[in-house]
Structure formats: C-alpha cells, structure tokens
Amino acid sequence: MTLNQKIPKHDNSMNIENAQVQMRKGILEFCIMHIISRGEVYASDMLDELTSAKIMVVEGTLYPLLTRLKNSGLLDYKWVESQSGPPRKYYVLTDVGKQFLDDMQHTWVELSDSVNTIVQKTHDLGSASEDSSTK
C-alpha cells in the first residue's frame, strides 16, 4: 500500500472495547452465581469482587440480572437488619440454582478447553511461522 492509498474505514460498531464488553457480559451471570454459591452475599460485595476481578459491572447491570435470576428460581434473598442503615438484601442460590451452576460449570470447562485449544494452535502456528521466516 502506498501513502496515497486510503485505508478502508471499518465499521465503528465493531471495536475492541465493544468486543471486550460482550465477552464480559457473556460470563457475568456465571461469575455472579459462583460468588453467591459461597454463601449469603450482599450485592455491593458482589460489585466489589467483580470490579477487583476486572469484570467491569455497575449497579445498573447487576440489579436487573439479580432480579432475572431470582424470577427464574435460581436464587433467593433474605433481608438482614443493618446496624448502619436500612436492612440489607443477602442473596443465596436455590437448589435449582446450584444445579444450574453445576451445569454451567461443566459447559465452562468444555468451552474454556475448546477456546484454549484453538488459541494454542494459533500460537503454535505463529511460532512455527516466525521460526521459518528467520531462517
């Protein structure tokens, strides 16, 4: 390509930030259910853990997801009095939610293995290509 040639414009709807957000959204429910599976958990503690794990989420994303999971029978909550303000809602998995998480865990392991196989093959082929180009 010469300097005078124009670089084709790309569709702005497909950029790395959008792709990263979509990847995180795809595993958010799985991560939330794992956090809740450890025992009663308050929503702000979930937000803190998800944020520290670099799965960026805001309250506006978390609360509708928790409501959907509750309405699906996968989790429940209980109100606990707080010494520093209003009562707090603590979430727990239901028995159905525990089974659902087990099924999701199985799917995650299969999916993770599959993706790693593809990525490793690409890496191996890239390394082989680099080796042959340096000879």
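None of the figures in this text is laboratory data; all of them are computed from the coordinates on show. Since the structure is predicted, the reported quantities are computational estimates derived from the model, not experimental observations. FYI the Cβ positions are ideal-geometry reconstructions off the backbone, even for glycines, and counts take in every protein chain you see.
Here are a few things to note about the model shown:
- Using just its DSSP H runs of length 4 or more, each adding -39500 (n - 2.57), the chain gives a mean residue ellipticity at 222 nm of -21500 deg cm²/dmol after division by all residues.
- The chain: Lys pairs at Cα distance under 15 angstrom, eight or more positions apart or on different chains: 5
- For peptides 34-43, 60-69, sequence by mean Cβ density within 10 Å, most packed first: 34-43, 60-69
- Global dimensions of the stretch 16-130 from alpha-carbon coordinates: Rg and Dmax equal 17.7, 63 Å.
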